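None of the figures in this text is laboratory data; all of them are computed from the coordinates on show. Values in this document were obtained by computation on a predicted structure and should not be read as measured data. Ideal geometry is used to build each Cβ from the backbone, glycine not excepted, and the neighbour counts take in all protein chains shown.
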Amino acid sequence: MIVIAAFIVGSMIYAYAYRGDARWAGFGEYVRKGWPLFTPFNCLLYLFTKPRARPAIMDIQQFPELKSLHENWETIRQEAVELMAVGGFDQISNKDSASYYDIGFRTFYKYGWTKFYLNWYGYTHTSAQRTCPKTLEILSKIPQVNGAMFSVLPPGGQLTRHLDPVACSLRYHLGLDTPNDDRCYISIDDKRYSWRDGEPLLFDVTFLHFAHNDADKPRLILMCDIDRPMSWIGHVLNWPYKMLMKATVVPNTDEDKRGFANRTFSTLVPLLEKSKRLKETNLAAYKALKYTVNGTLMLILAGIVWLGLEFLIWLI
Ligand SMILES: [Fe+2]
């Protein structure tokens with residue numbers, strides 16, 4: 001019990017004060033935006049991560065298993081550009097489309113970011129099989145790819161500073177049709193990188209990062225989740241995260257499967273909108289509802305983290 005409590009506190013101190021170069025504005029910002037509930041479990045995965053995957057931005061030469069992606073970038077680009085030309089990325093702007101309800105990426109919609117899923121943690125999208133068969137063929141030969149999508153950041157678009165909650169995978173970007181301009185960039189742990197057509201980037205999404213496209217052309221990339229290289233204990237521990245990610249399958253079109261999170265989230269959003277109206281008419285009731293929902297979610301997540309740590313102690 002004391003060991004677990006010490007590990008939880010220690011991991012949060014490490015994530016807040018020592019990991020990487022980019023720092024939070026204060027502890028309050030870390031608590032609100034840093035997903036502290038996931039920090040202990042993420043730190044367990046860092047412990048078992050192989051040295052080549054520990055920096056914020058990895059040396060791509062040390063990941064030869066991904067070579068066939070960047071070598072075939074022109075084939076992949078052709079399918080992505082054709083998809084874009086026929087409006088394949090427009091579905092998320094339609095609230096009637098299930099594609100809009102993406103619990104993992106919804107906060108990025110605000111400034112124009114959009115996406116088209118190719119596959120996601122064991123499921124290959126039927127719509128992608130129809131529109132992007134060559135890309136799927138290339139992806140299918142790389143077992144380390146857990147999920148893939150095309151993503152577009154339009155001129156003037158941005159992703160505000162954040163980190164992703166779970167350390168399940170590393171993130172791979174491949175420039176397909178980009179501005180090739182330093183004004184279109186991502187900052188990862190205070191290191192700036194500008195996309196270039198045909199050039200890969202591999203980084204850890206649990207370091208602070210943000211992106212801007214201040215150029216005058218959209219940025220089109222292939223974005224993949226790559227299995228975090230770890231020892232066998234790390235892979236065993238990562239299993240619950242992978243199950244969690246399987247639940248977050250989001251369809252592009254009606255042809256595709258919907259994950260549990262997508263179904264739940266599409267039901268919850270109209271309720272959330274109603275609750276915003278409640279905020280205007282009865283603030284006390286709104287706050288009671290908000291704290292009950294948030295508290296329940298936190299308890300569920302805390303239970304999952306606790307079970308994971310108990311499991312590790314049992315394992316070692
Ligand atoms: Fe991110």
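How far apart, in nm, are the 7 Å Cα→Cβ label points at Ile2 and Met298?
Placing both labels 7 Å along Cα→Cβ, they lie 2.7 nm apart.
Only Cα pairs under 8 Å and at least 6 apart count here; give the relative contact order of the chain as a rounded whole percent.
22
A 30 angstrom limit on the alpha carbon distance is what I want to check against. Which of Lys50/Lys95; Lys191/Lys274; Lys95/Lys290 exceed it?
From the list (Lys50/Lys95; Lys191/Lys274; Lys95/Lys290), the Cα-Cα distance tops 30 Å for Lys50/Lys95; Lys191/Lys274.
Where in the chain are the DSSP H helices whose C-alpha atoms run 15 Å or more along the long axis and whose mean Kyte hydropathy is at least 1.0?
Within the chain the helices that satisfy the rule are 2-13, 283-315.
Along each of the three principal axes of the Cα atoms of the chain, give the extent in whole Å, ordering the values from largest to smallest.
Cα extents, longest axis first: 54, 52, 35 Å.
How much space per residue, in cubic angstrom, does the convex hull of the C-alpha atoms of segment 53-230 take up?
Value for segment 53-230: 111 Å³ per residue.
Taking 8 Å as the Cα distance limit and 6 or more residues as the minimum spacing, I'd like the relative contact order of segment 53-230 as a percentage.
Values: 359 pairs, mean separation 49.5, N = 178.
That works out to 28 percent.
Given 0.36 nm per residue, what is the gain on full extension from Arg32 to Glu273 after removing their alpha carbon distance, in nm?
84.6 nm
Please give the peptides 280-290, 160-170, 136-146 ranked by average Cβ packing (other Cβ atoms within 10 Å per residue), highest first, as a rough proxy for protection. Spell out each step's value before the answer.
Values: 280-290: 11.5, 160-170: 19.9, 136-146: 16.0.
Descending packing order for the listed peptides: 160-170, 136-146, 280-290.
Can you tell me which of 60-69, 211-220 comes out highest on packing, and rank the rest after it, using the mean Cβ neighbours within 10 Å?
211-220, 60-69
If you rank Val81, Val205 by fewest surrounding Cβ atoms within 10 Å, what's the result?
Val81, Val205
Remind me, what semi-axes does segment 226-316 give for its equivalent ellipsoid, largest first in whole Å, using sqrt of 5 times each Cα gyration tensor eigenvalue?
34, 22, 8
Using the Cα centre of segment 43-99 as origin and beta-carbon charges of +1 (Lys, Arg) and -1 (Asp, Glu), tell me which of Asn72, Gly88, Leu44 is placed farthest towards the positive end of the dipole.
Checking the options against the dipole of segment 43-99, the answer is Leu44.
With charges only on Cβ, +1 for K and R and -1 for D and E, what is the dipole size of the chain about its Cα centre, in debye, rounded to 20?
My answer is approximately 1020 debye.
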